[in-house]
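Enquirer: Take a look at this one; I'll ask things after.
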Amino acid sequence: MAKAAKQLYACQNCGVTANKWAGKCAGCGEWNSLVEETDAGPPPGSGIRLGGRKGSVVTLEGLTGDTEEAPRIPTGLIELDRVTGGGVVPGSAILIGGEPGIGKSTLLLQLAANLANAGRRALYFSGEEATAQVRLRAERLGLADSPVALASETNLANILATSADGDLPDLVIIDSIQTLWSDTLEAPPGTVGQMRATAQSLIRFAKQSGSAVILVGHVTKEGQIAGPKVIEHMVDTVLYFEGDRGNPFRLLRAIKNRFGATDEIGVFEMADRGLQEVRNPSELFLGDRSGDAPGAAVFAGIEGTRPVLVEIQALVAPSALGTPRRAVVGWDSSRLAMVLAVLDARCGVSLASHDVYLNVAGGLKITEPAADLAAAAALLSSFSGVPLPKDHVYFGEVSLSGAVRAASHMPNRLREAEKLGFEVAVLPAAGDIEKKASAIQVSRVKHLKHLADTLSPCD
Ligand code: TYD
Ligand code: MG
């Protein structure tokens, strides 16, 4: 006799399951995120049987042996190739997450059209838009003639049957995983249970057929639908599409990649005719630099293997509040707190009665510790009212003692700065820069205090 389905409560935010309902999720602390779902066991056809059959012995192998490099399908978009590590791997599952309206459907339609134009079979299942809407977008992008096979469908069984019908596809796009449903589960589309079950079936289809499957996942802050996080562990590659809706620049970032590096970014610009690749991101991030205003410093950063120059802007103003404001966009707020504390304790510059705003231009998010020195320079410049020279770039990590520590890839950063016409680089005292490789002048800083002394407040 089949076992009765067990009642489970799954958190729509983090995916943790519980036997009893609770107001607050024990996993992530989110309120009202538990939704009742039926645990129907492993999805049908997954080959998993709990109990019953005795297992057979599998052949164990060593780590050495002939294994070929994964083949790749070039995407026709250099930035997407860069992020995926050279193109889409047949039989792999890719998740593309991002906020609604950021451009996921646009990017994937461009990808599908490129592959279809190159003679590959590309299927595009849209669960959110009618085929007419997708066609309109294709027309706007100038891709209406591409032989992409399109359907508006949300039923998993129909999608699998269609994909397996006739010639096997090279690429299957599911837009989005949150709209899919499988009738083996009672939960509504967009719940953790449905997302897991449908994603698992699609990934199995990818492995068996050799088709690459791309799943779109919306990231929502409201938590009404489960986020792509709950299926990240199942797929081979996780890409996030980031950007500001008020800003045309979009960054595609690899968070996980079983077939390539994870620290690469792809840069795109959302234009009238879809996403355009940006070959030289530094030019873009420095494009509209503010004139001689104090508080702007150019940081020579590294994203993945690629140097990126970006302006860091600071505003330091006397505060009328008991607890002054600290607001950061594009950088870590605890990193700002640390730099402020070091300026206070080690350099004698106290901003305790000032509001501090810090912004990374162009919508870029910086995670590198090497941005400390540039941020400190921007803060000191705004505080003192002395603009920084326009032809200077800054990089270096600031330690709690105030010492400026060496950063990685220093020669690469210098080369990029030189290429973009900068004349002086302010950088850590330690660390090899292969001086012969660049003609840019170098100003070494051992301690943050030295920088603070050169930027003393004007009266
Ligand atoms: P879309 O790909 O639908 O986003 P998502 O699938 O991530 O929800 O992109 C939607 C936005 O992109 C929309 O606000 C309009 C804009 N857009 C352009 O600016 N140019 C274009 O050529 C296209 C197709 C869209
Ligand atoms: Mg969309």
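Enquirer: For the stretch 189-198, state whether one or more residues are in contact (Cβ under 8 Å) with a residue 24 or more places away in the chain, within 22 Å of P90 (Cβ to Cβ) and open to solvent by 30 Å² or more (accessible area, probe 1.4 Å).
Expert: The answer is no; no qualifying residue exists.
Enquirer: When the residues of the stretch 367-386 are filtered to those that are within 12 Å of D332 (Cα to Cα), in contact with a strand residue (DSSP E or B) (Cβ under 6 Å, 6 or more places away or on another chain) and open to solvent by 10 Å² or more (accessible area, probe 1.4 Å), which remaining residue is modelled with the highest pLDDT? Give the steps one after another, and end with the answer.
Expert: So the first thing to find is which residues in the stretch 367-386 are within 12 Å of D332 (Cα to Cα), and the list is 367-369, 371-372, 375.
This time we only want the ones that are in contact with a strand residue (DSSP E or B) (Cβ under 6 Å, 6 or more places away or on another chain), so: 368-369, 371-372, 375.
The next check asks that each one be open to solvent by 10 Å² or more (accessible area, probe 1.4 Å); those that pass are 368-369.
Working: E368: 91, P369: 94.
Filtering the stretch 367-386 for residues that are within 12 Å of D332 (Cα to Cα), in contact with a strand residue (DSSP E or B) (Cβ under 6 Å, 6 or more places away or on another chain) and open to solvent by 10 Å² or more (accessible area, probe 1.4 Å), the one modelled with the highest pLDDT comes out as P369.
Enquirer: Report, by residue number, each residue of the stretch 61-100 that is within 16 Å of ligand 2 (Cβ to nearest atom) and within 20 Å of T262 (Cβ to Cβ).
Expert: Correct list: I94, L95, I96, G97, G98.
Enquirer: Go through S163, S176 for me and flag whichever is open to solvent by less than 40 Å² (accessible area, probe 1.4 Å) and within 30 Å of E264 (Cα to Cα). Talk me through it step by step, then tell me what you get.
Expert: Details: S163 fails: within 30 Å of E264 (Cα to Cα).
After applying the criteria, what remains is S176.
Enquirer: Against the condition open to solvent by less than 50 Å² (accessible area, probe 1.4 Å) and either more than 26 Å from the chain's Cα centre (by Cα) or of a type in the set (D, E) (or both), how does V393 come out, does it pass? Full working, then the answer.
Expert: Values: open to solvent by less than 50 Å² (accessible area, probe 1.4 Å): yes; either more than 26 Å from the chain's Cα centre (by Cα) or of a type in the set (D, E) (or both): no.
Here the answer is no, as V393 does not meet what is asked.
For (1) open to solvent by less than 30 Å² (accessible area, probe 1.4 Å); (2) closer than 29 Å to G91 by Cβ; (3) among the basic types (K, R), each residue gets a yes or a no:
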site: E242; (1), (2), (3): no, yes, no
site: R250; (1), (2), (3): yes, yes, yes
site: K256; (1), (2), (3): no, yes, yes
site: D263; (1), (2), (3): no, yes, no
site: G266; (1), (2), (3): yes, yes, no
site: A271; (1), (2), (3): no, no, no
site: N280; (1), (2), (3): no, no, no
site: A296; (1), (2), (3): yes, no, no
site: A300; (1), (2), (3): yes, no, no
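Enquirer: Can I ask one more? Any chance the stretch 67-77 includes a residue that's more than 24 Å from G304 (Cα to Cα) and in a helix (DSSP H, G or I)?
Expert: No, the stretch 67-77 contains no residue that is more than 24 Å from G304 (Cα to Cα) and in a helix (DSSP H, G or I).
Enquirer: Now a separate question. How many of the residues in the stretch 105-121 are hydrophobic (A, V, I, L, M, F, W, C) and more than 10 Å from ligand 2 (Cβ to nearest atom)? Steps first, please.
Expert: First, pick out the residues of the stretch 105-121 that are hydrophobic (A, V, I, L, M, F, W, C): 107-109, 111-113, 115-116, 118.
Still in the running and more than 10 Å from ligand 2 (Cβ to nearest atom): 111-113, 115-116, 118.
Residues flagged as hydrophobic (A, V, I, L, M, F, W, C) and more than 10 Å from ligand 2 (Cβ to nearest atom) within the stretch 105-121 amount to 6.
Enquirer: So, one more: Hey, which of the strands (runs of 3 or more DSSP E) in the stretch 230-311, taking only ones fully inside, have at least 1 residues that are within 16 Å of ligand 1 (Cβ to nearest atom)?
Expert: On the way: elements: 237-243, 249-257, 265-271, 274-277, 296-303.
The qualifying strands (runs of 3 or more DSSP E) are 237-243, 249-257, 265-271, 274-277.
Enquirer: Hey, another quick one. Where residues in the stretch 398-436 are touching an Asp or Glu at 6+ places or on another chain (Cβ under 9 Å) and surrounded by fewer than 15 Cβ atoms within 10 Å (Cβ to Cβ), which of them is nearest to A341 (Cα to Cα)?
Expert: Per the criteria, the residue is S408.
Enquirer: Being closer than 13 Å to V172 by Cα and within 16 Å of ligand 1 (Cβ to nearest atom) is the filter here, so list the residues in the stretch 74-95 that pass it. Spell out how you get there, then give the answer.
Expert: Looking only at the stretch 74-95, we keep the residues that are closer than 13 Å to V172 by Cα, and these are 88-95.
I94, L95, listed by residue number.
Enquirer: Of the residues in the stretch 260-279, how many are out of contact with any Pro (no Cβ under 6 Å at 6 or more places or on another chain) and within 16 Å of ligand 2 (Cβ to nearest atom)?
Expert: Residues that pass the stated criteria total 3.
Enquirer: I've got another one for you. Is it the case that some residue within the stretch 218-240 is within 15 Å of I174 (Cβ to Cβ) and surrounded by fewer than 18 Cβ atoms within 10 Å (Cβ to Cβ)?
Expert: yes
The values are calculated or read from the model by the stated rules, or taken from the named source; none is laboratory data. Predicted model only: the values in this text are computed from it and were never measured. FYI the Cβ positions are ideal-geometry reconstructions off the backbone, even for glycines, and counts take in every protein chain you see. Keep in mind that these areas ignore ligands, DNA and RNA; they rest on the heavy atoms of the full protein, side chains included. Shrake-Rupley method; radii C 1.70, N 1.55, O 1.52, S 1.80 Å.
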